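A.B. asks: Take this structure first; my questions come after.
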Number of protein chains: 2
Amino acid sequence: MSADQAGLCRADDERFVARLRDLLGVDAVIVEGEDLVYYGSDRCKGGWPVAPGAIALPRTVEQVQALARLCSEARVPIVPSGGRTGLTGAATATKGELVVSLERLDQILELDEPGRLLRCQAGATVEAVQDAAAAAGLAYPVDFAAKGSAQIGGSIATNAGGVKVIRHGLTRERVAGLEVVLADGERLSLGGALVKNNTGYDLRQLFIGSEGTLGLIVEVTLSLTQPPAGHEVVLCSLARDEAVLELFTRLRRSPLRLSAFECFDRACVERVVAHRGVDQAGPLDELGPMQVLIEVERGDAGDEQTSDALMELLAEAQDQGEILDAVVAQTQAQARELWAWREDISESLHVHTPHKADVAVPVREVARFMARWREAVAASVPELPALCFGHVGDGNLHLNLLRPEGMSLDEFLTRCHGFDPTMYALVREFSGSVSAEHGIGLLKRAYLGHTRSAREIDSMRAIKRIFDPQGILNPGKVF
Amino acid sequence: MSADQAGLCRADDERFVARLRDLLGVDAVIVEGEDLVYYGSDRCKGGWPVAPGAIALPRTVEQVQALARLCSEARVPIVPSGGRTGLTGAATATKGELVVSLERLDQILELDEPGRLLRCQAGATVEAVQDAAAAAGLAYPVDFAAKGSAQIGGSIATNAGGVKVIRHGLTRERVAGLEVVLADGERLSLGGALVKNNTGYDLRQLFIGSEGTLGLIVEVTLSLTQPPAGHEVVLCSLARDEAVLELFTRLRRSPLRLSAFECFDRACVERVVAHRGVDQAGPLDELGPMQVLIEVERGDAGDEQTSDALMELLAEAQDQGEILDAVVAQTQAQARELWAWREDISESLHVHTPHKADVAVPVREVARFMARWREAVAASVPELPALCFGHVGDGNLHLNLLRPEGMSLDEFLTRCHGFDPTMYALVREFSGSVSAEHGIGLLKRAYLGHTRSAREIDSMRAIKRIFDPQGILNPGKVF
């Protein structure tokens with residue numbers, strides 16, 4: 001086999017494919033057709049080719065181990081692939097790699113009620129995990145739009161966030177155990193059914209958020225939660241950006257149990273209205289520069305206290321001039337309607353080929369950062385519509401630039417990429433993160449140094465060499 | 001300077017001490033007197049000498065960096081020292097190391113209310129952190145008996161557990177950011193005020209629970225919680241060991257918010273009674289083989305629902321024959337009294353020089369494991385009184401063997417150490433942890449392989465070499 005500069009070979013080499021078919025069976029290896037592109041990339045289409053050498057669809061953990069051993073011996077790079085809903089190209093094959101999809105490893109294996117644990121294979125979707133937990137009267141509280149396609153293994157490899165982080169944390173906090181196949185085929189068992197285990201370094205944590213660069217996650221044990229009795233849902237319009245923080249702090253000081261605090265600016269509402277083809281800006285009488293969707297957990301089904309306390313708090317916030325208008329859902333259907341104003345934003349922007357950034361700043365800096373970002377847009381790319389929404393209770397903002405009608409895609413992307421350094425420099429100035437929840441992948445490698453120091457990046461590379469000395473796992477991703 | 005087999009030198013070398021005094025000032029370096037022993041060990045007195053070469057008491061992070069650079073250059077090993085309340089010898093100097101105490105770095109630096117974050121220096125006690133959080137109407141929910149002496153840096157380096165893990169997790173889950181000084185004096189900033197930051201490997205997690213072998217934690221940012229309005233506290237006696245799990249599962253299925261679920265056997269109660277010198281076995285009319293202390297959070301100050309739901313659940317458990325007797329605290333003073341039956345156990349056992357083990361098994365295995373442990377004691381060391389208590393909701397049991405009257409300490413320890421392999425083999429059989437919350441230190445190195453695989457231990461050693469290539473940070477601890 002011929003090797004590239006890094007000493008790595010291609011997965012479409014005939015002898016390699018033959019050996020792979022021997023290991024997995026003929027129907028588990030794809031080397032041609034549309035499936036190459038289907039399995040070969042995630043939802044981020046950047047300036048890179050989608051060019052896998054082959055696709056492997058193993059059925060057992062033993063097959064994953066065998067194919068890792070083969071790839072290690074043949075020096076064929078592997079791109080681990082989950083539901084491919086990622087937004088940074090981390091699951092994209094660009095130069096003949098073997099894409100390993102775990103979609104056939106999708107079994108829910110065990111539900112341990114005293115331990116409140118669910119064990120499953122990595123290819124189960126996040127929604128399948130949620131459903132299995134719900135069937136046992138429990139909840140898997142990590143929740144995001146792509147949950148129907150996203151696989152639990154991929155969600156751990158990218159430490160997925162979503163709309164419930166403020167209440168239940170990132171995916172990291174829900175991972176009790178991982179079974180991982182290393183580049184040389186060895187299987188590591190990291191954690192599991194133990195709540196406490198202080199016996200040296202917690203290696204499990206390295207694999208969470210490693211974007212497939214350290215090992216293949218094949219089985220997981222998740223820590224479930226008690227589902228709440230119900231929710232109160234409120235949509236508010238705010239008088240000014242700073243009121244986002246004032247209202248948030250007010251809620252945090254109250255005994256109310258906040259389970260979501262999402263914000264979106266006026267322009268987001270206008271795009272949702274346009275996309276829906278309606279002529280009304282939703283249930284709010286008056287829009288503000290910023291809207292907030294608040295969700296609070298109810299204590300139990302008949303709980304009036306939560307609702308009363310929330311009404312009182314909203315009235316105070318209105319008296320103080322923070323809130324312009326507020327609509328409280330009276331039914332579950334209304335709650336879904338209010339949520340839809342937040343959830344429909346991404347789809348409504350999609351037709352405008354938005355240039356997105358997923359950044360985080362300290363929560364207390366959210367309003368100041370939004371103001372500075374708007375100033376920077378106005379100074380550098382005033383011709384591009386700029387919209388902001390996000391999980392503001394986590395300090396996580398999704399910043400979007402839209403393509404104006406009549407501007408070519410090339411021209412638009414050139415201007416966006418020209419603005420990116422300014423935007424990421426601003427993130428750096430605020431000690432923020434260039435990737436709050438989407439990861440680095442291929443898309444943000446150039447900006448990794450804005451959030452992590454040179455010594456940290458050197459340490460990450462050294463850690464990768466420990467687990468993957470040949471560099472065959474997802475090469476070129478993250479760093 | 002002369003070096004030992006590992007190429008390391010002693011901290012009591014005259015030239016080294018002179019240079020250290022130049023860096024820190026004369027009053028910040030101790031080389032003789034009782035303070036050597038005071039600073040040189042933790043609460044675990046094993047079969048090793050307490051023999052530090054010198055003690056350093058830096059006042060600033062810059063001084064910590066300077067002394068690390070000096071030690072790195074002079075190849076003098078460092079033992080990082082917190083409040084020295086550890087129970088495995090991790091903070092003990094045995095061969096002329098420099099003990100670095102951070103007790104002078106004890107400032108609370110900042111409280112960020114919107115982010116619910118507290119930033120402080122590593123030498124602040126856990127209690128000082130709790131107090132500062134409480135002064136802002138918030139809580140630092142990690143809680144354990146030694147909190148008045150234990151320092152926050154040490155509690156992170158050992159990933160402290162305690163009585164609230166079931167509700168708020170281990171210390172790991174509360175660490176938003178760490179400032180760490182590496183062996184060569186470089187300062188790493190890992191996390192901080194960001195809730196979300198998916199930019200490569202989360203190195204912060206490696207330092208949590210690393211027992212001082214990777215770096216010196218000098219500053220921390222902690223994620224605080226909303227304090228509950230109050231608690232319901234119940235002490236129950238159970239009809240049989242298995243009822244511990246039945247009652248636990250019953251509570252987990254209810255909407256009650258459990259904040260503690262602690263168990264202790266009849267022998268523990270008898271020792272507390274004897275230690276207090278009273279003749280009554282507490283408020284329970286009837287003791288069972290196992291007692292359980294339950295704490296549940298109240299929704300708000302006037303909340304009757306929690307209390308009603310708890311009473312109903314206890315009545316059902318009594319009907320089902322799980323509970324023999326139950327006492328519900330009516331006042332805060334009574335709640336403290338009930339808690340004291342659990343909290344006084346360690347002190348009551350202390351006079352019997354107990355041989356302790358801190359182990360964890362999957363929660364669902366707790367009763368089966370206790371039975372097997374008692375059988376093993378009866379078969380191997382029936383002459384030694386055996387007592388069990390623990391954080392049973394976390395699967396964490398503290399197993400104790402006591403010295404019978406008239407048996408010499410040497411004879412007692414010989415029998416205990418003879419039994420340890422049997423006990424730890426049992427832990428291994430249950431896929432348990434040889435150290436649930438106390439860490440490995442010097443005490444449990446021989447048993448690390450019972451919980452972590454050879455590949456994991458090799459990986460840990462390789463990770464240590466990345467951050468501490470000369471091996472000067474807490475050599476000989478963990479592995």
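The values are calculated or read from the model by the stated rules, or taken from the named source; none is laboratory data. Given the structure is predicted, the values throughout are model-derived calculations rather than measurements. Every residue, glycine as well, gets a Cβ built from its backbone with ideal geometry; the counts of neighbours run over all protein chains shown. Remember, those area values only see protein heavy atoms, side chains included, never the ligands or the DNA or RNA. Shrake-Rupley method; radii C 1.70, N 1.55, O 1.52, S 1.80 Å.
A.B. asks: Return yes or no: is B:H398 at pLDDT below 95, crowded, with 20+ Cβ neighbours inside 10 Å, within 14 Å of another protein chain (Cβ to nearest Cβ) and under 21 Å from B:D241 (Cα atoms)?
C.D. replies: No, not satisfied.
A.B. asks: Between a first residue in segment A:444-468 that is facing chain B (nearest Cβ under 8 Å) and open to solvent by 30 Å² or more (accessible area, probe 1.4 Å) and a second residue that is assigned to a helix (DSSP H, G or I) and small (G, A, S), which pairs have beta carbons less than 6 Å apart while being 6 or more apart in sequence or on different chains?
C.D. replies: Pairs that qualify, where the first residue is facing chain B (nearest Cβ under 8 Å) and open to solvent by 30 Å² or more (accessible area, probe 1.4 Å) and the partner is assigned to a helix (DSSP H, G or I) and small (G, A, S), are A:I466/B:S459; A:I466/B:A462.
A.B. asks: Provide a single number: the residues in segment A:336-381 that are of a type in the set (S, T, Y), assigned to a helix (DSSP H, G or I) and under 21 Å from A:D410 (Cα atoms).
C.D. replies: Matching residues across segment A:336-381 total 1.
A.B. asks: Across segment B:145-158, which residue is farthest from the other protein chains (Cβ to nearest Cβ) among those that are in contact with a helix residue (DSSP H, G or I) (Cβ under 6 Å, 6 or more places away or on another chain) and open to solvent by 30 Å² or more (accessible area, probe 1.4 Å)?
C.D. replies: The residue in question is B:G148.
A.B. asks: Based on what the data block shows, is B:G96 open to solvent by less than 10 Å² (accessible area, probe 1.4 Å) and not in a helix (DSSP H, G or I)?
C.D. replies: yes
A.B. asks: Just give me the residues in segment A:176-193 being assigned to a loop (DSSP other than H, G, I, E, B), within 10 Å of another protein chain (Cβ to nearest Cβ) and either open to solvent by less than 30 Å² (accessible area, probe 1.4 Å) or polar (S, T, N, Q) (or both), in sequence order.
C.D. replies: Selection gives A:L182, A:G192, A:A193.
A.B. asks: Same structure again: Pick out, from segment B:385-479, the helices (runs of 4 or more DSSP H) lying fully within it that include 3 or more residues that are of a type in the set (D, E).
C.D. replies: Qualifying helices (runs of 4 or more DSSP H): B:409-429.
A.B. asks: Please tell me if A:L87 is open to solvent by 40 Å² or more (accessible area, probe 1.4 Å), in contact with a strand residue (DSSP E or B) (Cβ under 8 Å, 6 or more places away or on another chain) and at pLDDT below 95.
C.D. replies: When the stated conditions are applied, A:L87 passes them.
A.B. asks: Looking at (1) within 30 Å of A:V278 (Cα to Cα); (2) more than 17 Å from the chain's Cα centre (by Cα); (3) assigned by TED's automatic domain parsing to the domain that holds A:Q291, can you tell me which one A:E312 breaks?
C.D. replies: All conditions are met except number (1).
A.B. asks: Continuing with this model, one more query. Which helices (runs of 4 or more DSSP H) does segment B:1-88 wholly contain that include 3 or more residues that are within 23 Å of B:G215 (Cβ to Cβ)?
C.D. replies: B:14-24, B:61-74
A.B. asks: Moving on to the next point. Under 7 Å between Cβ atoms, at least 6 apart or on separate chains: pull out the pairs that start in segment A:347-376 with a residue that is on the phi > 0 side of the Ramachandran plot and end on any residue that is open to solvent by 10 Å² or more (accessible area, probe 1.4 Å) and outside any strand (DSSP E or B).
C.D. replies: That search, which allows pairs on different chains as well, returns A:T353/A:R403; A:T353/A:L409.
A.B. asks: Further, regarding this structure: Of these, A:L206, A:L214, which one is under 19 Å from A:G161 (Cα atoms) and at the interface with chain B (Cβ under 9 Å from one of its Cβ atoms)?
C.D. replies: A:L206
A.B. asks: Only one of these conditions is not met by B:P255: (1) within 30 Å of A:A133 (Cα to Cα); (2) in contact with a strand residue (DSSP E or B) (Cβ under 9 Å, 6 or more places away or on another chain); (3) assigned to a loop (DSSP other than H, G, I, E, B). Which number is it?
C.D. replies: The number of the failed condition is (2).
A.B. asks: Among the listed residues A:T199, A:T171, which satisfies the condition of being without any contact (Cβ under 8 Å) to a residue 40 or more places away in the chain, among the β-branched types (V, I, T), buried (at least 24 other Cβ atoms within 10 Å of the Cβ) and more than 8 Å from chain B (Cβ to nearest Cβ)?
C.D. replies: A:T171
A.B. asks: Any residue at all in segment B:249-264 that is farther than 16 Å from B:M370 by Cβ, more than 10 Å from chain A (Cβ to nearest Cβ), touching a Ser or Thr at 6+ places or on another chain (Cβ under 7 Å) and not basic (K, R)?
C.D. replies: no
A.B. asks: I'm trying to understand the selection: among the residues of segment A:62-76, which are of a type outside the set (S, T, N, Q), touching a strand residue (DSSP E or B) at 6+ places or on another chain (Cβ under 7 Å) and open to solvent by 10 Å² or more (accessible area, probe 1.4 Å)?
C.D. replies: If the condition is that a residue be of a type outside the set (S, T, N, Q), touching a strand residue (DSSP E or B) at 6+ places or on another chain (Cβ under 7 Å) and open to solvent by 10 Å² or more (accessible area, probe 1.4 Å), then A:A74, A:R75 are the ones that fit.
A.B. asks: Any residue at all in segment A:407-428 that is open to solvent by 40 Å² or more (accessible area, probe 1.4 Å), within 14 Å of chain B (Cβ to nearest Cβ) and modelled with pLDDT of 95 or more?
C.D. replies: Within segment A:407-428, one or more residues are open to solvent by 40 Å² or more (accessible area, probe 1.4 Å), within 14 Å of chain B (Cβ to nearest Cβ) and modelled with pLDDT of 95 or more.
A.B. asks: Only one residue in B:A229, B:A281, B:A274 is at pLDDT below 95, surrounded by fewer than 18 Cβ atoms within 10 Å (Cβ to Cβ) and either within 29 Å of A:P228 (Cβ to Cβ) or under 23 Å from the mean Cα position of the chain (by Cα) (or both), so which one is that?
C.D. replies: B:A229
A.B. asks: Let me ask something additional. Tally time: how many residues in segment A:6-37 are touching an Asp or Glu at 6+ places or on another chain (Cβ under 7 Å) and loosely packed, with under 12 Cβ neighbours inside 10 Å?
C.D. replies: 0
A.B. asks: Please state which of the following conditions A:G161 fails to meet, knowing it meets all the rest: (1) assigned to a strand (DSSP E or B); (2) of a type outside the set (V, I, T); (3) in contact (Cβ under 8 Å) with a residue 60 or more places away in the chain; (4) within 9 Å of chain B (Cβ to nearest Cβ).
C.D. replies: So the condition that A:G161 fails would be (1).
Residues are listed down the side, and each one gets a yes or a no for (1) in contact with a Leu (Cβ under 9 Å, 6 or more places away or on another chain); (2) surrounded by fewer than 22 Cβ atoms within 10 Å (Cβ to Cβ):
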residue: A:T331; (1), (2): no, yes
residue: A:W339; (1), (2): yes, yes
residue: A:D344; (1), (2): no, yes
residue: A:H350; (1), (2): no, yes
residue: A:V359; (1), (2): yes, no
residue: A:R364; (1), (2): yes, yes
residue: A:R374; (1), (2): no, yes
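A.B. asks: Yes or no: segment A:367-375 includes at least one residue that is in the same structural domain as A:L426 (by TED's automatic domain parsing) and within 22 Å of the chain's Cα centre (by Cα).
C.D. replies: Looking for residues that are in the same structural domain as A:L426 (by TED's automatic domain parsing) and within 22 Å of the chain's Cα centre (by Cα), one finds at least one in segment A:367-375, hence yes.
A.B. asks: While we're looking at this one, here's another question. Every residue in segment A:291-311 that is over 17 Å from A:S348 (Cβ atoms) and assigned to a strand (DSSP E or B), please.
C.D. replies: Within segment A:291-311, A:V292, A:I294, A:E295, A:V296, A:E297, A:R298 meet the criteria.
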